[in-house]
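The structure under discussion appears below in the form of structure tokens.
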Amino acid sequence: MPIRVPDTRGSETGARADRRHGPLRERCAPLWLALAHRRRGRQALVALFALALGVLSFGTSGCLEDSVSSPSESLPLYSHDGTWVAFTRSRSGKDEIYVSHSGAPATRLTEFAHRGFDWSPDGSKIVFVRLAEDFGSRGLFVVNRDGGRLRRLTRGEDYWPCWAADGETIVFLSGNHVRAVDVDGTRGRRLIPNADRPACSPTKPAIAFLVIRGSETIGIGVLDLRSGSRRMLLMHPRQTYGSMSPSWSPDGHRIAYHVSRPRLPSDPDFEHRSMFADDDWYLTEIYVADAAGSAPERLTWNAVGDMHPTWLPDGRIAFESNRAGPTDLTNKDTFRYYTIKSDGSGVEPLEWKPEYR
């Protein structure tokens, strides 16, 4: 089957790949994601303890019987004009970036890449993170969509690059700081200290980022790349914590993200719960906020893990969930892709079955 994404307008759509992982992904998905998503404070300690317990008690393959399964392909990321799609495919514990044009069979573009990558605004290139054998970052690289002219931009432990709307600036995460570099690899500079997960607006010189205070993520901020001015877009809603994965709408007017919430007495017991997953693995909700600063809207509220929202060009939002089905909110340790309208209605499965050359 060719690459297909449902679209109410009749054209193909897509979304940003949004997960860092390595060879443990298939064996210990919950704890690997906990670490890979840079959980902080108590959550990080819990995840580290779980990882150590799993390895010491069962060996590196011990999580096989107690893991959360996920699709081997990431959510598709379309070029701005919607004619090209890129995604990562996990094989033998390693991610590879593939590209496809207008639904044709996909071809491999890179090997051993991180799931955080982005298209240039004109769709001619991709910026990505190349991983070393120990799964650490070897820095940022740019490659043409046909695989030609591979070149290095940075040499640090850098992740989550996004290509700014001006076409000349690449923003990325380096340690606990958001930095930028020109597309020719010059003028490396720090933009924001104590921040995480930058996301570039597709229409204007601005980025959204996670705001860090101490060891906790407290909300989402927005930086104007021209003036350097920063503002707090939103703080966590009450009784929630840990916003993640900011994603801009195609028109640059709204930002989707997910937030974890505490367990409530009314929440049901989790079925098939992994021993390594804490409550917020299952109690995660999707929100949408106006980029101008209006009050956020909650799109989901249930006892499943709805996470990693990414906008599609037609205005729907793709996300990953361990719900049993579009309307079946039974918790399952099997993650699948779905779409939802920006008003919280119309949850449907996202068909994602790429064909390979």
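The values are calculated or read from the model by the stated rules, or taken from the named source; none is laboratory data. Small disclaimer: the values here were computed from a predicted structure and weren't measured. Counting neighbours? That spans all protein chains shown, and the Cβs are built from the backbone with ideal geometry, glycine included.
Quick rundown of the values:
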read-out: Among residues of segment 197-234, those that are of a type in the set (D, E, K, R) and part of a loop (DSSP other than H, G, I, E, B), counted; value: 2
read-out: Residue list for segment 289-313, restricted to those being within 14 Å of HIS253 (Cα to Cα), modelled with pLDDT of 85 or more and part of a loop (DSSP other than H, G, I, E, B); value: ALA291, ALA292, GLY293, PRO296, LEU312
read-out: Single condition LEU33 does not satisfy, out of (1) within 30 Å of PRO250 (Cβ to Cβ); (2) surrounded by 16 or more Cβ atoms within 10 Å (Cβ to Cβ); (3) in contact with a Phe, Trp or Tyr (Cβ under 9 Å, 6 or more places away or on another chain); (4) at pLDDT 50 or above; value: (4)
read-out: Residue list for segment 121-158, restricted to those being of a type in the set (S, T, N, Q), crowded, with 18+ Cβ neighbours inside 10 Å and either in contact (Cβ under 8 Å) with a residue 60 or more places away in the chain or not in a loop (DSSP other than H, G, I, E, B) (or both); value: SER137
read-out: Top-ranked residue of segment 100-120 - restricted to ones that are assigned to a strand (DSSP E or B) and in contact with a Ser or Thr (Cβ under 6 Å, 6 or more places away or on another chain), ranked as nearest to ARG197 (Cα to Cα); value: ARG115
read-out: Residues satisfying the stated conditions in segment 314-357, i.e. in a strand (DSSP E or B) and among the polar types (S, T, N, Q); value: SER321, ASN322, ASN331, THR334, THR339
read-out: Yes/no for VAL181 being in contact with a strand residue (DSSP E or B) (Cβ under 6 Å, 6 or more places away or on another chain), aliphatic (A, V, I, L, M) and either assigned to a loop (DSSP other than H, G, I, E, B) or within 18 Å of ARG115 (Cβ to Cβ) (or both); value: no
read-out: Lone qualifier among SER137, SER124, SER174 - being within 21 Å of PRO205 (Cα to Cα), among the polar types (S, T, N, Q) and touching an Asp or Glu at 6+ places or on another chain (Cβ under 6 Å); value: SER174
read-out: Selected residue [of a type in the set (Lys, Arg), within 19 Å of SER245 (Cα to Cα) and over 18 Å from the mean Cα position of the chain (by Cα)] from ARG179, ARG190, ARG155; value: ARG179
